[in-house]
Each structure stands twice: as C-alpha cells, then as structure tokens.
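Okay, structure first, notes after.
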Amino acid sequence: MDMFLAAVATVFEPANIAILLASTAAGIVIGAIPGLTVTMAIALAVPLTITMPLTPSLLMLLGLYGAGIYGGSISAVLINTPGTPASAATSIDGYELAKQGKALKALKMALIASFYGGLFSVVLLVVIAPQLAAFALKFGPAEICSLLIFALTIVAVLSGDTIIKGLLAAAIGMLIATIGADPMLSVPRFTFGVYDLYDGLAYIPLLIGLFAIAEMLAQAEESFTTGAKLIDIKDIDKDANRLTRDDWRRSVVPMIRSGFLGSFVGMLPGLGAAIATFLGYAEAKRASKEPERFGKGAIEGVAASESANNAVTGSAMIPMLALAIPGDPPTAILLGALLIQGVTTGPLIFVNHPDVVYTVYVALFASLAFMGMVGWLALKPIVQVLKVPKVLLYPVILAMCAAGSYAIRNSIFDVFVMVGAGLLGYALRLFGVPVAPLLIAFILCPPLEESMRQALIKSQGSLMIFLNRPISAFFLLLALAAIVFTVRRQIKSHQALPSNI
Amino acid sequence: MNTDRVFGTAVCILALLFLTLAIPTIPDDWQHTAGTYYTVGPRMFPYIAGTLCLLLGLGVILHPEGHNKLSGLRIGKARRGVVASLGLTLGYVALLEVAGFTLSTIAALVLFFTVFGERRWYVIVPMAVGVAVITKFVFLKFFLLELPAGLFDLPI
C-alpha cells in the first residue's frame with residue numbers, strides 16, 4: 001500500500017502532470033494525422049526520456065500510447081480517414097454518423113469507449129497479470145494461426161453485401177501481403193528487381209490509399225462544388241448529438257464484450273490493436289439483433305471498435321511486464337525504454353522492482369484520465385473541421401496523406417503505393433466490395449503465414465496439428481460457425497447486409 | 001452482362017495469371033540450404049491466396065449480386081471530376097521528388113482549388129502556402145521526419 005501511495009504521489013507531482021498533459025495532447029494530434037502512428041510517436045519520444053527519471057518518462061510514453069490510439073478515431077469519424085490502423089473499423093459507422101450530422105455524438109462515444117476499454121484492460125493488468133500471461137504462453141504457432149484464421153473469417157463474412165465479396169476482399173489482401181521477402185526464409189517474392197518491394201508494401205500508405213484517397217475520388221464524383229461542405233450542417237445540432245438512453249442501451253454490451261476481446265488480443269504477442277478493433281466490430285455486428293444497422297451509422301459499432309482497440313493498451317503490458325514479451329510494437333519500444341531506465345521486465349519484476357510496477361499501474365490510470373479530459377475538451381473545436389468546404393478540405397488532406405506516406409520510410413515509392421491503393425479502393429467500392437477485409441487480411445497475413453508454416457514444420461506437414469490442439473480446434477470451429485450462421489441468416493432474411501465498408 | 005460477372009471474370013483472369021506466371025518466379029534455391037529437414041517453402045502462402053482469389057472470383061460469377069455504385073459514373077461531370085482528381089494526384093506525386101514537398105504542394109493545391117471552382121485568390125494563395133509550409137515545418141521540427149527536399153532543396 002505504501003508503494004502504491006508513493007507511486008500516486010510521484011505521478012501527481014506538478015511537473016509530471018505537465019508532461020502527461022503535453023504527451024496526451026500530442027498523442028491525440030499525432031493519432032489523428034493519417035500516416036503518423038502511435039509506434040512512430042513513441043519511438044520518437046524515447047530519446048527524450050533517456051535523461052529523465054523513470055516516472056516522467058513512463059508518463060510521457062504511456063500518455064502518447066493511449067491517447068494516440070484514441071486520436072486515430074477523430075479523423076476516422078470526421079473525414080473517413082483512420083489516423084491509425086487501429087481506428088479503421090471506427091470509420092465504418094463513425095463517418096456515417098458524421099454524414100448524418102452526428103459527428104459529435106460519434107466522437108463522444110469513441111472517447112467514452114476508448115476510456116472504458118483502456119480502464120478495463122488496466123484493471124485486468126493490475127488484478128491478474130501473471131496468471132493471464134501464463135495463459136497466453138499456451139498459444140503456440142497452431143493456436144495463433146487458428147485465431148488469425150478466425151479473426152480473418154469473421155471480419156470477411158460480416159463485412160459486405162455478400163459473404164463471397166467479403167472473403168474475396170480478404171483473399172486480395174492476402175495476395176498483396178505476399179509481396180516482399182517471405183517472413184521465414186527471406187526469399188524475395190514478386191519484387192521483380194524493385195528494391196522498394198523487398199520489405200513488402202507498408203500498411204500505412206495502403207491504409208491511407210484505401211480509405212482517404214478512395215474517399216477523395218468518390219467525393220470528386222460531385223466535383224467538390226464550391227461551397228459544399230463535407231457534411232452540410234450550419235451549426236451542430238445539440239439534440240441530435242446528445243447520447244441518448246437508447247444509444248447507451250445499444251452500446252454498453254458491445255463495449256463490454258469488446259473490452260474483453262481487445263484485452264485478450266492485446267495479451268497475445270504480435271497481434272495488436274488493428275486486429276482487436278476489427279474483431280470487436282465484427283463480433284458486435286454478429287451478436288446484434290439488427291445487423292443491418294451496421295455500416296449505416298450504428299453508434300454501437302463505434303463503441304465496439306474503440307473499446308477493443310484501447311483495451312489493447314493495458315493488456316499488451318501484461319506479457320511485457322510479466323514475461324518480457326511485448327504484446328505489440330509500441331510495447332516493444334516501451335520495453336526498450338524501460339531497459340534504458342535500468343529496469344528489466346519479466347517474472348522477477350514483481351519481486352525486484354515492485355515500485356516500477358506500481359508506477360506503471362498509476363501512470364496508466366492517470367494517462368487514461370487525462371485522455372478523457374483532454375479529449376472531452378477538444379471535442380467541439382475538432383468538429384469544426386466539418387464546416388470547411390470540400391473543395392478546400394480534400395486537397396489539404398491529400399497533402400497531409402502524401403507527407404504521412406512518405407515519412408514512413410522516406411520513400412516516394414510509398415506515396416505511389418498510396419495512390420495505387422486509392423485507385424484499388426475506389427474500384428472495389430464501385431463494385432460493392434468492402435475494403436476493410438482487404439486491409440485486415442494485409443495486416444494479419446505476415447503473422448498468419450509465419451505461424452502456419454511454423455506449425456506445419458513442427459508437425460512435419462500434417463494439418464492435424466490444427467485440430468489436435470484444443471484451443472486451435474476451438475477457433476477453427478468458431479470460424480466455421482461464423483460462416484454457417486451468416487449464410488443461414490442471409491438465406492433466412494433475404495436481405496443484403498450494408499455494403500459501405 | 002452483369003457488372004459482378006465482369007468483376008468476377010477479371011478477378012479470375014488475374015488470379016490465374018498470378019498462379020501460373022507470377023508464383024513460378026519465386027526462387028527455389030532456398031531448398032539447397034534447407035538440407036534434409038522438413039520445411040514449408042515461400043510458395044505455399046501465395047498459392048493459398050491465389051487459389052482463394054480464383055475460387056471466390058468464380059463464386060462472384062456464379063452468384064452475382066449486382067450491388068454496385070457504377071451508375072454514378074455514367075454522368076459525364078462525375079467522370080470528369082474523378083479523372084481530374086486522379087490526374088492531379090498523380091501529377092502531384094510525380095512532382096514531389098523533383099520539386100520537393102513545399103513547391104509541389106503549393107502548385108498542386110493551387111491547381112486543385114482552381115480546377116474545382118475556387119476563384120478567391122485571397123483564399124487560394126494563403127491556404128496553399130500555409131498548408132505546405134506548416135506541414136513541412138511540423139514534420140521536420142516536431143516529428144523530426146524528412147519530407148522530399150527536391151532539386152531546389154528549400155530550407156522549409
């Protein structure tokens with residue numbers, strides 16, 4: 001208890017509060033800018049922490065982490081351009097709500113769900129970190145592979161007009177993901193001597209192209225008539241933007257469920273928030289009594305995806321602290337930052353450095369509280385972006401996207417990839433093919449291929465390894481069930497699911 | 001012909017080309033280093049992805065749904081808008097490395113604004129210059145990220 005109180009006292013020193021405030025605000029801004037990722041923000045901040053004591057450095061990095069993931073939802077809702085891959089699912093319903101003049105409502109729900117998801121996973125971290133970390137260790141290559149197949153299947157079957165088009169989008173994403181050196185033997189695939197292709201296509205230009213550039217081309221069909229606003233609202237309608245009892249009723253259960261899902265995904269090494277958010281969204285749609293509302297401005301869609309992605313922030317710390325295995329790229333950098341501070345994570349951290357553990361707990365709670373406060377204060381000013389005429393807004397977005405795509409690897413090639421992805425996204429839209437499964441397949445495929453090949457090597461080529469192991473078989477059964485139930489539901493209802501993903 | 005069938009046929013043709021022409025280009029010299037140990041090669045996953053594309057493309061041909069948004073492009077003005085946007089975007093990206101971020105962004109924004117009907121120079125010029133300069137400054141000074149300098153290598 002003394003250590004906990006000491007950690008609270010340290011975290012809430014005025015200088016530390018100022019650092020937390022600044023990093024939270026910076027995290028929200030960086031997250032909202034397409035192309036700038038949370039990982040990049042944390043990596044850039046690490047050198048600044050070298051000369052700092054442990055507490056302020058932790059506050060700076062954790063403030064950036066949580067707020068950055070939430071910040072991605074702002075541009076996802078307002079301009080259909082997810083600031084980070086973790087917010088890609090938020091744009092599906094968030095942008096529809098914005099088009100209906102309910103951007104403020106969507107952003108409020110995104111903030112509340114992010115706060116809840118973060119809080120839930122931090123509580124999990126505090127209460128059962130070592131036990132959960134031990135469970136995560138039961139996931140070998142076969143289990144990871146089956147989980148990824150399940151994630152891919154559920155996103156694909158629930159995304160489009162028809163199961164076939166959703167699955168086809170996922171297959172195209174898998175195909176694009178095979179470009180570059182293969183993940184196990186580094187054999188170049190489909191590089192055709194182009195040096196820039198050896199590392200494969202970067203997912204940020206692909207994300208920006210599929211969403212932002214495709215959206216710009218779709219908007220260009222109306223030729224950006226002078227004076228036309230992105231969403232034609234003179235003033236923000238206060239009543240329409242209030243969260244009603246009905247909104248809460250619809251959102252609470254998906255939000256709680258996504259908190260669990262996001263925390264679970266966060267614990268597993270190498271997966272991360274982008275996968276969690278699609279899983280949370282797809283599960284909310286699957287479980288809904290009115291799945292046809294999804295894709296047309298369902299507030300519960302925003303709640304589910306944002307709760308899931310922020311639930312990763314706390315739970316990714318569980319394997320990092322308890323086993324020294326980072327759950328996602330940002331926690332890998334945090335692990336390095338802790339090492340710089342002379343703290344070695346792993347099972348012994350609870351014995352050797354309990355003060356650090358308590359500081360991490362309190363810093364996570366404090367960063368969440370600040371994310372809530374800063375985010376809430378920024379809501380109304382942020383929404384004003386919708387009042388900018390489209391003819392001015394879209395070219396500016398294009399310039400920012402080009403800058404973001406270039407900055408990932410200092411490569412003009414990535415900017416061309418962004419444009420190519422934009423054309424692909426626009427073409428797929430025209431044919432009613434959802435782009436979300438393509439993106440999620442692209443993100444999932446490197447770990448999927450790696451785990452599949454590792455499992456097959458382990459079993460000497462026998463596919464039975466995926467069925468003999470209970471956890472693996474469970475996820476494969478779930479994937480099969482998702483396909484069967486969706487087909488049955490579509491046959492029964494004779495109505496198409498929304499297509500605007 | 002149903003547009004879904006056209007789309008499905010295109011996917012099938014591309015998938016077949018991928019399976020028959022592209023995958024065989026993956027080098028197989030890795031086998032010499034694998035020795036006698038069992039391993040799974042780099043062609044397995046592309047075969048899975050290509051086969052899935054082919055089968056699902058066939059699925060689209062056999063079960064066309066016809067939900068698409070192609071009708072919007074039948075209007076000449078809409079087509080012109082898309083082509084103009086795409087042309088300007090490609091021109092902008094091509095110019096980035098030559099003229100650098102600042103100059104090419106200013107030029108692209110001025111063109112974009114005027115092509116799509118904005119005529120107020122007191123809006124066009126400050127917006128174009130402001131966005132280009134501020135974006136470059138923020139990326140360079142705050143995020144320590146380089147943007148294309150171009151042949152002229154402007155300091156900002």
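Nothing in this text is a laboratory measurement; each read-out follows from the coordinates by a stated rule. This structure is a prediction, so every number in the text was calculated from the model and none was measured. Cβ coordinates were reconstructed from backbone atoms using ideal geometry, including for glycine residues, and neighbour counts include every protein chain displayed.
If R0 is 35 Å, the Cβ-Cβ spacing of A:ARG409 and A:LEU339 corresponds to a FRET efficiency of close to 0.85. Just name one of A:MET184, A:GLY200, A:LEU104: the one whose Cα is farthest towards the positive end of the charge dipole of the stretch A:96-208 (beta-carbon charges, Lys/Arg +1, Asp/Glu -1). Toward the positive end, the furthest listed residue is A:LEU104.
Would the stretch A:348-479 count as rounded, prolate or oblate if I go by the C-alpha gyration tensor, calling it rounded below 1.5 in a/c and otherwise prolate when a/b exceeds b/c, oblate otherwise?
Working: a/c = 2.23, a/b = 1.19, b/c = 1.88.
Here the stretch A:348-479 falls in the oblate category.
Modelled this way, with points 7 Å down the Cα-to-C-beta line, the labels at A:THR51 and B:ARG5 are 7.2 nm from one another. Counted residue by residue at 0.36 nm each, then reduced by the alpha carbon distance between them, the extension gain from A:ILE256 to A:ASP199 reaches 16.7 nm. Partner shielding of A:399-411 amounts to 5, given as the average count of beta-carbon atoms from other chains within 10 Å of each residue beta-carbon. Per residue of peptide A:37-44, the mean number of Cβ atoms on other chains within 10 Å of the residue Cβ is 1.
Look at where the Cα atoms of the stretch A:263-342 and of the stretch B:1-31 average out, and the two centres are 34 Å apart. Under the simplified labelling scheme, the A:LEU423-B:LEU140 pair shows an inter-label distance of 3.2 nm, with each label point 7 Å from Cα along Cα→Cβ.
How high is the relative contact order of chain B, in percent, with contacts defined as C-alpha pairs under 8 Å that are six or more residues apart? Can you show the working numbers first?
On the way: 117 pairs, mean separation 36.4, N = 156.
This gives 23 percent for chain B.
Secondary-structure-derived ellipticity at 222 nm for chain A, considering helices only, amounts to -23500 deg cm²/dmol, per-run term -39500 (n - 2.57) for DSSP H runs with n ≥ 4. Comparing B:ALA22, B:ALA94, B:ALA132 in a Gaussian network model of chain B where C-alpha atoms under 10 Å apart are linked, the largest mean-square fluctuation is found at B:ALA22. For the peptides A:57-67, A:170-180, residues were scored by their other Cβ atoms within 10 Å and the scores averaged per peptide; the highest-first order is A:57-67, A:170-180.
Assign one of three labels to the stretch B:75-142, namely rounded, prolate or oblate, based on the Cα gyration tensor with a ≥ b ≥ c the square roots of its eigenvalues; rounded applies when a/c is under 1.5, prolate when it is not and a/b is larger than b/c, and oblate otherwise.
Working: a/c = 2.75, a/b = 1.54, b/c = 1.79.
Judged from the Cα gyration tensor, the stretch B:75-142 comes out oblate (a/c at least 1.5, b/c at or above a/b).
Taking amide H as placed 1.01 Å from N in the peptide plane, A:ARG189 has its amide H under 5 Å from the amide H of A:GLY180, A:ALA181, A:ASP182, each at least 5 places away in sequence or on another chain.
Among residues other than A:ALA181 with Cβ under 11 Å from its Cβ, the summed charge is -1 (Lys and Arg +1, Asp and Glu -1).
In whole percents, the pair-distance distribution calculated for the stretch A:48-198 from its alpha-carbon pairs, binned every 5 Å from zero, is 2, 8, 9, 11, 14, 17, 17, 13, 7, 2, 0, 0. The ranking of A:TRP248, B:TRP121 by Cβ neighbour count inside 10 Å, starting from the fewest, reads B:TRP121, A:TRP248. Counting beta carbons within 10 Å around each of A:VAL253, A:VAL435 and listing the fewest first gives the order A:VAL253, A:VAL435.
Each of B:VAL129 and A:ALA6 was given a label point 7 Å from its Cα along the Cα-to-Cβ line. The distance between the two points is 5.8 nm. Cross-link reach is defined here as a Cα-Cα straight distance under 16 Å, omitting same-chain residues fewer than 8 places apart; for A:LYS238 the aspartates and glutamates meeting it are A:ASP247. Seen against the Cα atoms of chain B and their longest principal axis, helix B:76-115 is set at about 70 degrees. Net charge dipole, the stretch A:1-139: roughly 360 debye, given to the nearest 20, about the Cα centre with Cβ charges of +1 for Lys and Arg and -1 for Asp and Glu.
A Cβ-based charge dipole, computed about the Cα centre of the protein assembly as shown with Lys and Arg at +1 and Asp and Glu at -1, lands at about 1700 debye. The ranking of A:GLU450, A:GLU96 from fewest to most other beta carbons within 10 Å of each one's beta carbon is A:GLU450, A:GLU96. In terms of its C-alpha gyration tensor, the protein assembly as shown has a rounded overall shape, because the principal axis ratio a/c (a ≥ b ≥ c, square roots of the eigenvalues) stays below 1.5.
Run the numbers on chain A and let me know its relative contact order in percent, using alpha-carbon pairs under 8 Å that are six or more apart. List each step's numbers first, then the result.
On the way: 1001 pairs, mean separation 143.9, N = 501.
That works out to 29 percent.
Can you give the extra length, in nm with one decimal, that the chain gains between A:LEU467 and A:LYS238 once fully stretched, where that is 0.36 nm per residue apart less the Cα-Cα distance?
Details: separation 229, 0.36 × 229 = 82.44 nm, distance 5.38 nm.
Here the segment from A:LEU467 to A:LYS238 would lengthen by 77.1 nm.
Within 10 Å of the Cβ of each residue in A:177-185, the mean number of Cβ atoms contributed by other protein chains is 5.
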